[in-house]
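See below for the structure under consideration.
Since every read-out is calculated from the coordinates, none of them should be taken as a lab result. Note that the coordinates shown come from a computational prediction; the quantities given were computed from them, not determined experimentally. Ideal geometry is used to build each Cβ from the backbone, glycine not excepted, and the neighbour counts take in all protein chains shown.
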Amino acid sequence: MKLIDCHAHLEEVPNLDQELKSAKEKGVAAIIAVGSDLYSNISVQQISEHYPNYVYPALGLHPWDLDRIDETIQFIEKNIERCTALGEVGLDFKYQTPKELQVKAFAHMLELANRYDKPVIIHSRWAWREAFEMVKKAGAKRAVFHWYSGPLDVLREIIAQGFYVSATPAAEFSEAHQLVIKEVPLERLLLETDSPVKYRGIASTPSHVLKTLKAVAQLKKVDESRLAEITTKNVANIFEIKI
Ligand SMILES: [Zn+2]
């Protein structure tokens, strides 16, 4: 059984070498490492070089980290040919960063994604409709709405538009996330951990994508090995990586 963790903040994971070894042993065949700001993008790039064909870099500009926008965008553009995707990017309207600044940064990242034909990994908390509309308007072809737990009417439009949704270990207990997972067709579903995010007090690592697998398999009433096969194929398709 092969699994892919399609969203992890590896630069924040303690004992990374050990954690990646353990993930590999448990069947995690690849990890998409996402960046959030200038510092984390540099780290993500270095980590992916250290674990070639295992860690795939996504460079991003997170709505929580908009203090050095110009430098971050410059770095991303300079290294864009080497990255697998753009992310984590998006909007978060419960966060203190001014909305206009978030919209401006996100629009810029969507423009880069289009220009360089890269998939985007999207954070859309409390701005689900706005984020979706911006992605659609920008003409993005490949998009993942990460840990989507928003309204189901927006979700249906996300699916109709041909986009993907990724599930986290919150599938074990979050009712909003569970409702979403039940609604998403298997061929649009990806698995992730958002490591090292804590779920019910426990910090996650990439091998916890197995927890996501188990919880999602139960919700979808599908065999774990079949779910692993389909979601791994989905990741390989959208991110154009060979597993
Ligand atoms: Zn994240």
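Length available on full extension from Asp70 to Glu175: 0.36 nm per residue minus the Cα-Cα distance, which gives 34.0 nm. Can you say what percent of the DSSP beta bridges in the chain, counting only those with both residues inside, are antiparallel? Round to 5. Counting DSSP beta bridges with both partners in the chain, the antiparallel share is about 10 percent. Where the alpha-carbon atoms of the range 103-243 are placed on the principal axes, they occupy 37, 33, 27 Å, in descending order. Mean-square fluctuations from a GNM of the chain, with a 10 angstrom spring cutoff on Cα atoms, peak among Phe173, Phe132, Phe145 at Phe173.
Across the range 70-134, C-alpha contacts under 8 Å between residues 6 or more apart give a mean separation that, scaled by the residue count, equals a relative contact order of 43 percent.
By the count of other C-beta atoms within 10 Å, a proxy for reagent exposure, Ser174, Ser48 are ordered fewest to most as Ser174, Ser48. The charge dipole of the chain, taken about the Cα centre with unit charges on the Cβ atoms of Lys, Arg (+1) and Asp, Glu (-1), comes to about 700 debye, rounded to the nearest 20. Each peptide in 73-79, 232-238, 3-9 receives the mean, over its residues, of other Cβ atoms within 10 Å, and ordering these scores from highest gives 3-9, 232-238, 73-79. Assign one of three labels to the range 176-243, namely rounded, prolate or oblate, based on the Cα gyration tensor with a ≥ b ≥ c the square roots of its eigenvalues; rounded applies when a/c is under 1.5, prolate when it is not and a/b is larger than b/c, and oblate otherwise. Oblate, since a/c reaches 1.5 and b/c is not below a/b. Using a cutoff of 8 angstrom between alpha carbon atoms and counting only pairs six or more residues apart, the relative contact order for the range 129-215 works out to 26 percent.
Label reach from Ser22 (point 7 Å along Cα→C-beta): in the range 210-233, amide nitrogens under 16 Å belong to 210-212.
Highest mean packing first, where packing is the average number of other Cβ atoms within 10 Å per residue, the peptides 80-90, 148-158, 55-65 line up as 55-65, 80-90, 148-158.
What percent do you get for the relative contact order of the chain when only Cα pairs under 8 Å and 6+ apart count? Provide the component values of the computation, followed by the final result.
Working: 496 pairs, mean separation 50.1, N = 243.
With pairs under 8 Å counted, the relative contact order is 21 percent.
Among Gln45, Gln18, Gln161, which one moves the most in a GNM of the chain with springs linking Cα atoms closer than 10 Å? So, out of Gln45, Gln18, Gln161, the one fluctuating most is Gln18. Each helix, a run of at least 4 DSSP H residues, gives -39500 (n - 2.57); summed and divided by the residues of the chain, these come to -13500 deg cm²/dmol at 222 nm.
Restricting the calculation to Cα atoms, every distinct pair contributes to the Kirkwood radius of the range 1-95, found to be 13.6 Å. The alpha carbons of the chain stretch over 44, 42, 34 Å along the principal axes, in descending order. Only one residue of Ile202, Ser174, His146 has its Cα farthest out toward the positive end of the dipole of the range 137-205, where Lys and Arg carry +1 and Asp and Glu -1 on Cβ, and that residue is His146.
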